[in-house]
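The values are calculated or read from the model by the stated rules, or taken from the named source; none is laboratory data. This one's a predicted model, so the numbers in the text were calculated from it and none came from an experiment. Reconstructed Cβ throughout: ideal geometry from the backbone, glycine too, with neighbour counts over all protein chains shown.
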Amino acid sequence: MKVLVLGAGGVGGVVGGRLLAHGADVSFVVREHRKAQLACEGLRIESPLGNLHLQARALLASELQPEFDVVVMACKAYDLGSAIATVRSGVSNRTAILPLLNGLAHLERLNEIFGKEHVLGGSAKMQVALSPTGVVRQLNDWQTLTFGEQDGRLTPRVIALREMIQKTGIEAQLSTDIFRDMWMKMVHLATVAGMTCMMRANVGEIVRTPEGGELLKRFLHRNADIAAHFGYRPDEKFMASYLALFSDSASRYEASMARDLEKGGQVESEQILGDMLKRCRQAVVPDDLHLAAYTHVKAYEQRRDAGRLPKLAPG
């Protein structure tokens, strides 16, 4: 299978790099600066699961041909429009598109542009960051990709993709109900993103406040009720796992959105918190927590865009 990976940083860098290291035919579509960087220094990955330094085939969008069997889109959800424009010329009538974006709304857009038969559902559990020097840093040993056909069929293409990914050491979970899996991630992500952004603190710091743990758990239950309204009620095992996570006073876990916010960067405000607020109201679930979380990040964007964020201290 010929694989095209959008970008060579973060999740795309790790997935593409691990595939490349195990003999897969992988190309990366990147911008000019990143292409020059890869040509000069190669693709460098630092990970607790093993470092890699590889020569990678990097292409500009203008150089793509419709030759790929799989296109992996591992971008921020707010970059969906530019991502579609970038990969479009690499897509043929045989291409499967695997989006590993946060949220749910992107599937409708991808189906509209490429056709539902070309689009898989997917999600990634991986904490990764691209350093200013171009090194892809995997922050822990989580590395799971969950994906599947939107209609739940176990087709030859998703089976082959799972086999290819499993060889790399990345856990590849093939789903026959990918919408449920994506909803479960949304329940988790909306909770941790909403709370760690709104409180500007990690889970442990929130739990160590007098009533922060109860607030975290209340938000989790609200998100579970929203999912249930759309037909995807979390099971007892899921809830027990995340209630335990959101009760851990020693946890340093925080959403990547919170890290982006603290750095003064762009955040997935609409794609996660805004979308969940909309769904909250559709489900007729009390919206006070969702409204507060969404308004918090939108107010942050106002200050960021006006250049009024405080300067971070060196180090």
Just one of the numbered conditions (1) surrounded by 14 or more Cβ atoms within 10 Å (Cβ to Cβ); (2) in contact with a Gly (Cβ under 6 Å, 6 or more places away or on another chain) is not true of Thr95; which one? (2)
Answer yes or no as to whether Met182 is of a type outside the set (Gly, Ala, Ser), closer than 24 Å to Gly9 by Cβ and not in a loop (DSSP other than H, G, I, E, B). yes
Looking only at residues in the stretch 162-172 that are touching a residue at least 40 places away in the same chain (Cβ under 8 Å) and not small (Gly, Ala, Ser), which one is surrounded by the most Cβ atoms within 10 Å (Cβ to Cβ)? Ile165
Quick check, is Ala299 surrounded by 14 or more Cβ atoms within 10 Å (Cβ to Cβ), small (Gly, Ala, Ser) and assigned by TED's automatic domain parsing to the domain that holds Met199? no
Condition test on Ala129, is it at pLDDT below 95 and not in a loop (DSSP other than H, G, I, E, B)? yes
Determine whether Glu112 is within 20 Å of Tyr78 (Cβ to Cβ), outside the structural domain of Met186 (by TED's automatic domain parsing) and outside any loop (DSSP other than H, G, I, E, B). yes
For the stretch 141-161, enumerate the residues that are without any contact (Cβ under 8 Å) to a residue 40 or more places away in the chain and surrounded by fewer than 17 Cβ atoms within 10 Å (Cβ to Cβ). Trp142, Thr144, Asp151, Gly152, Arg153, Leu154, Thr155, Pro156, Ile159
Scanning the stretch 185-209 residue by residue, those part of a helix (DSSP H, G or I) and either under 18 Å from Glu149 (Cβ atoms) or touching a residue at least 60 places away in the same chain (Cβ under 8 Å) (or both) turn out to be Lys185, Met186, Leu189, Ala190, Val192, Ala193, Gly194, Met195, Thr196, Cys197, Met198
Residue check for His118: buried (at least 16 other Cβ atoms within 10 Å of the Cβ), out of contact with any Asp or Glu (no Cβ under 6 Å at 6 or more places or on another chain) and closer than 26 Å to Lys263 by Cβ: no
Check on Ala124, over 21 Å from Phe179 (Cα atoms), within 15 Å of the chain's Cα centre (by Cα) and either in contact (Cβ under 8 Å) with a residue 12 or more places away in the chain or surrounded by 13 or more Cβ atoms within 10 Å (Cβ to Cβ) (or both): no
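Listed here are the residues, each with its yes/no results for (1) assigned to a loop (DSSP other than H, G, I, E, B); (2) free of Cβ contacts under 8 Å to residues at least 12 places away in the same chain; (3) assigned by TED's automatic domain parsing to the domain that holds Gly103.
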position	(1), (2), (3)
Lys217	no, no, no
Arg222	no, no, no
Ala227	no, no, no
Gly231	yes, yes, no
Pro234	yes, no, no
Met239	no, no, no
Ser247	yes, no, no
Leu261	no, no, no
Met276	no, no, no
Search the stretch 173-207 for residues being over 15 Å from the mean Cα position of the chain (by Cα) and either at pLDDT below 95 or of a type in the set (Gly, Ala, Ser) (or both), and hand back the single one that is surrounded by the most Cβ atoms within 10 Å (Cβ to Cβ). Gly194
Please go through the stretch 162-172 and give me each residue that is within 19 Å of the chain's Cα centre (by Cα) and either among the aromatic types (Phe, Trp, Tyr) or assigned to a helix (DSSP H, G or I) (or both), ordered by number. Arg162, Ile165
Considering only the stretch 21-57, state which residues are surrounded by 17 or more Cβ atoms within 10 Å (Cβ to Cβ) and hydrophobic (A, V, I, L, M, F, W, C). Ala21, Ala24, Val26, Phe28, Val29, Val30, Leu38, Leu43, Ile45, Leu52, Ala56
Please return the ranges of strands (runs of 3 or more DSSP E) entirely within the stretch 41-103 where 1 or more residues are over 30 Å from Leu273 (Cβ atoms), touching a Phe, Trp or Tyr at 6+ places or on another chain (Cβ under 9 Å) and without any contact (Cβ under 8 Å) to a residue 40 or more places away in the chain. 57-59
Given the criteria surrounded by 22 or more Cβ atoms within 10 Å (Cβ to Cβ) and either part of a helix (DSSP H, G or I) or modelled with pLDDT under 95 (or both), does Arg18 qualify? yes
